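Enquirer: Mind having a look at this structure? Questions to follow.
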Amino acid sequence: QLVYPYDFRLTEKEKTSICYLSFPDSYSGGLGDTQFSFRLRQSGGQRTTHYEDDGEYNREAPLTLQRESAHYFGYVYFRQVKDSSMKRGYFQKSLVLVSRLPYVNLFQSLLQLIAPEYFDKLEPCLEAVCNEIDQWPPPVPGQTLNLPVMGVVIQVRIPSRVDKPGSSPVKQFNQENLLPAPLVLPSIHELDLFRCFQPVLIHVQMLWELMLLGEPIVVMAPSPTVSSEMVLALTSCLAPLRYCCDYRPYFTIHDSEFKEYTTRTQAPPNIVVGVTNPFFIKTLQHWPHILRVGELRMSGDLPKQVKVKKLAKLKTLDTKPGIYTSYKTFLHKDKTLIKRVLKGIQRKRPSEVQSALLRRHLLELTQSFIIPLEHYIASLMPLQRAITPWKNPPQIRPFRQEDFMKTLEHAGPQLTCVLKGDWLGLYRRFFKSPNFDGWYRQRHKEMTQKLEALHLEAICEANIVAWMKDKSEVEIVDLVLKLREKLVRARCQHLPVKEETLQRVGLYIETIIGSLPEDLQAVLHHH
């Protein structure tokens, strides 16, 4: 019906997709308000965003919270109430917030404030809210922001890449005598993992392996709320490793990628997709891993745990909850986690304590897996003494899987993790996944930039005048051009170089140009 701000450009295809994704697509008799999320592929090429600071934000934010360039997130508040004045006998409406940022808690909390007001007062309410949001400061990693909206101040801290993984966010910020007292969100994006993983607590480790390997998974749920929470919980369980595959917290049969995902002529894509329409049981039967869950109910005791079943048992329509897969885990099951969770349930520990326990367990598992890879990749960096000012910096040595495997005997996951099992098999399979590719590219890029930075520092330390003594004009001009290019690159890519280093290289260039004949000086200055 309407888009705010008015000048926000969406393609027709995107509008249609957003409409379909904003409503539950299977019959839900439930009345009242529900909230869920979706993620949508941007169509119609790259559009410039009005955020010039994308690069800066993405450099400082954790990899798992980067601003997406090719996808939008949609956060939905859906209301369904009986209304005899409507043709269908119901009032059904959704307010959707679209963003490139995965701040699910912040945006869903915001919708809880705005949506009820909007259904009541309509457009003027949105205009007022947008005016307030326009005044919000940009999200700067590491900062705590106070965000005023509709008479409330939401207080959040934007996580930063330098935060220690697993450290809990600061509980009480300085209140700065804010009146009324702010609505403090303990986390901008972390879900209640314990609640989301309730029916699969005993299978968390298997799900972690499937996510690590980027396996295609379907989550079949009774509602978009359950499907989107389960998919987001799954994609978050590799942190601080970035999940590099595609994921759709909620997906409908009207989606433009429906054909692509349901075709049987090729293997299912590396994606986790959340669905609610029973029709999918038929169309996605050929997928290797299907997780079917019921409504999530928080109860005092251990919720009924789903069983792992053979894919052949997947009956159409009346499928029982379960994990339908023939996957065999590489690692043995960790009994201590389940014991801890059970103890927590018996002692009636609050959900956030149980969630923290699960999150820490998953973090330790991921770190045990990743640390040997980090050690090995660091050993591929050239020695500092091999970096000399007048030669191009040496190359990073290639990543050789077999060499890495050899390091595992004395420096493998067993140093930090008690879990036994086929770690080697898990690494071999991981090397074939998009998650390895994404991790390796990111590390390689960081190392290349570090080399560039070290090289610039080496140039700074060098005695340039001595070098120039026996050089021809051609060689000197060549050096000027190379140094200039290096400076430009350092500034564009925001290399980890001190500002004074860059200024000194700039002075060097001027000094060298000054020593050349005037006609050459003119050409170079013009250049």
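The values are calculated or read from the model by the stated rules, or taken from the named source; none is laboratory data. The shown structure was predicted, so the numbers you read here are calculated from the model rather than taken from an experiment. A quick note on method: Cβ atoms are made from the backbone with ideal geometry, for glycine too, and the neighbour counts reach across all protein chains shown. The area values use the complete protein model at the heavy-atom level, side chains included, leaving out ligands, DNA and RNA. Shrake-Rupley method; radii C 1.70, N 1.55, O 1.52, S 1.80 Å.
Enquirer: Between 341, 78, 434, whose Cα lies farthest towards the positive end of the dipole of the chain when Lys and Arg beta carbons carry +1 and Asp and Glu beta carbons carry -1, centred on the Cα centre?
Expert: It is 341.
Enquirer: Rounded to a whole number, what % of the accessible area of region 195-437 do carbon and sulfur atoms account for, probe 1.4 Å? Could the numbers behind the result be given before it?
Expert: Working: 6500 of 11720 Å².
On region 195-437, the fraction of accessible area on carbon and sulfur atoms equals 55 percent.
Enquirer: Determine which lysines satisfy two conditions relative to residue 445: a Cα distance under 24 Å, and not lying fewer than 8 residues away in the same chain.
Expert: Cα-Cα hits under 24 Å: 164, 391, 432, 482, 486, 498.
Enquirer: Taking θ as phi - 60°, what are the ³J(HN,Hα) couplings along region 227-240 by the Karplus curve (6.51, -1.76, 1.60), each to the nearest whole Hz, with x for Gly and Pro?
Expert: Result, rounded to whole Hz: 5, 6, 5, 5, 5, 5, 5, 4, 5, 8, 7, 9, 3, x.
Enquirer: Using the per-residue mean of other Cβ atoms lying within 10 Å as a proxy for protection, in what order, highest first, do the peptides 401-413, 151-163 fall? Please report the intermediate quantities before stating the final value.
Expert: On the way: 401-413: 13.5, 151-163: 16.9.
The packing order, highest mean first, is 151-163, 401-413.
Enquirer: I'd like the Karplus ³J(HN,Hα) series for region 112-123: coefficients 6.51, -1.76, 1.60, θ = phi - 60°, whole numbers in Hz, and an x wherever there's a Gly or Pro.
Expert: 4, 7, 7, 4, x, 5, 5, 4, 7, 10, 6, 3
Enquirer: What size of dipole, in debye to the nearest 20, comes out for the chain about its Cα centre when the only charges are +1 on Lys and Arg C-beta atoms and -1 on Asp and Glu C-beta atoms?
Expert: Numbers: 67 positive and 55 negative charges, 608 e Å.
I would put it at about 2920 debye.
Enquirer: Same structure, new question: Only Cα pairs under 8 Å and at least 6 apart count here; give the relative contact order of region 195-437 as a rounded whole percent.
Expert: Values: 329 pairs, mean separation 56.0, N = 243.
Rounded, it is 23 percent for region 195-437.
Enquirer: Follow-up question, since we're still on this one. For the chain, build the charge dipole from Cβ charges (+1 Lys, Arg; -1 Asp, Glu) around the Cα centre, then report which of 503, 8, 419 sits farthest towards its positive end.
Expert: The residue sitting farthest along the positive end of the dipole is 419.
Enquirer: Hey, another quick one. Among 200-211, 222-233, 450-461, how do they line up from the highest to the lowest mean number of other beta-carbon atoms within 10 Å? It would help to have the intermediate numbers written out before the result.
Expert: Details: 200-211: 21.4, 222-233: 25.2, 450-461: 18.2.
For the peptides 200-211, 222-233, 450-461, the packing ranking is 222-233, 200-211, 450-461.
Enquirer: Before anything else, pin down the relative contact order of the chain: Cα pairs under 8 Å, at least 6 apart, normalised by residue count, whole percent. Could the numbers behind the result be given before it?
Expert: Numbers: 719 pairs, mean separation 62.0, N = 527.
So the answer I get is 12 percent.
Enquirer: Something else: Near the amide H of residue 183, under 5 Å away, which other amide H atoms are found, from residues 5 or more places off or on another chain, if H is placed in the peptide plane?
Expert: Answer set, sorted by chain and number: 153, 154, 155.
Enquirer: Still on this structure: Taking a virtual spin label 7 Å from the Cα of residue 340 along the C-beta vector, which residues in region 389-428 bring their backbone nitrogen under 18 Å of it?
Expert: Inside the label zone: 414-420.
Enquirer: Report, in whole Å, the centroid distance computed from the Cα atoms of region 213-277 and region 150-164.
Expert: When both Cα centres are located, 28 Å separates them.
Enquirer: Write down the accessible area per residue of the chain in Å², having rolled a 1.4 Å probe over the full set of protein chains.
Expert: Working: 27690 Å² over 527 residues.
Result: 53 Å² of accessible area for each residue.
Enquirer: Let me check against my output: what whole-number percent is the relative contact order of region 451-527, with C-alpha pairs under 8 Å and at least 6 apart?
Expert: Numbers: 35 pairs, mean separation 32.1, N = 77.
It rounds to 42 percent for region 451-527.
Enquirer: Hey, another quick one. Report, ordered by chain and residue number, the lysines lying within cross-link reach of residue 339, taken as a straight Cα distance under 16 Å and ignoring same-chain residues fewer than 8 apart.
Expert: 304, 348
Enquirer: Can you list residues from other chains, or at least 5 along the same chain, whose modelled amide H is less than 5 Å from the amide H of residue 320?
Expert: The answer is 315.
Enquirer: May I pose another question? Please list the non-local residues whose amide H lies under 5 Å from the amide H of residue 93, H modeled 1.01 Å from N, same-chain partners needing a gap of 5 or more.
Expert: Amide H to amide H, under 5 Å and 5 or more residues apart or across chains, residue 93 pairs with 79.
Enquirer: Calculate the dipole size of region 463-526 relative to its Cα centre from +1 charges on Lys and Arg beta carbons and -1 charges on Asp and Glu beta carbons; express the result in debye to the nearest 20. Intermediate values should be presented prior to the final figure.
Expert: Numbers: 9 positive and 10 negative charges, 77 e Å.
Charge dipole of region 463-526: 380 debye, to the nearest 20.
Enquirer: Let me ask you something else. On alpha-carbon atoms, Rg over Rh for the chain using Kirkwood Rh? Could you put the intermediate results ahead of the total?
Expert: Values: Rg = 27.2 Å, Rh = 26.5 Å.
Here the Rg-to-Rh quotient is 1.03.
Enquirer: Enumerate the calculated ³J(HN,Hα) couplings along region 255-261 in order (Karplus 6.51 cos²θ - 1.76 cosθ + 1.60, θ = phi - 60°), each rounded to whole Hz, writing x wherever the residue is Gly or Pro.
Expert: So the Karplus estimates, Gly and Pro as x, are 5, 5, 8, 3, 4, 4, 7 Hz.
Enquirer: How much length is gained if the chain between residue 90 and residue 242 is pulled fully straight, taking 0.36 nm per residue apart and subtracting their Cα-Cα distance, in nm to one decimal?
Expert: Details: separation 152, 0.36 × 152 = 54.72 nm, distance 4.21 nm.
Result for the pair: 50.5 nm of gain on full extension.
Enquirer: Starting from the alpha-carbon convex hull of region 433-506, give the projected area averaged over all orientations, in nm². List each step's numbers first, then the result.
Expert: On the way: hull surface 23.9 nm².
Approximately 6.0 nm², given one-decimal rounding.
Enquirer: Now, a different point. Of 313/420; 121/259; 93/307, which sit over 32 Å apart, Cα to Cα? Present the calculation step by step, with values, prior to reporting the outcome.
Expert: Numbers: 313/420 30 Å; 121/259 40 Å; 93/307 37 Å.
With Cα atoms farther than 32 Å apart: 121/259; 93/307.
Enquirer: Follow-up. What residue among 330, 383, 256 has its Cα farthest toward the positive end of the dipole of the chain, where the charges are +1 on Lys, Arg and -1 on Asp, Glu, each on the Cβ?
Expert: 330
Enquirer: Sticking with this structure for a sec: Using the Cα atoms of region 463-526 to build a convex hull, what is its mean projected area in square nanometres? Walk me through the numbers on the way to the answer.
Expert: On the way: hull surface 18.1 nm².
Mean projected area for region 463-526: 4.5 nm², to one decimal.
Enquirer: Straight-line reach only, C-alpha to C-alpha below 23 angstrom: list the lysines that residue 310 could link to, leaving out same-chain residues fewer than 8 apart.
Expert: Reachable lysines: 282, 320, 328, 333.
Enquirer: Based on Cα coordinates alone, diagonalise the gyration tensor for region 195-437, multiply each eigenvalue by 5, take square roots, and list the semi-axes in whole Å, largest first.
Expert: Working: eigenvalues 252, 115, 50 Å².
Semi-axes, largest first: 35, 24, 16 Å.
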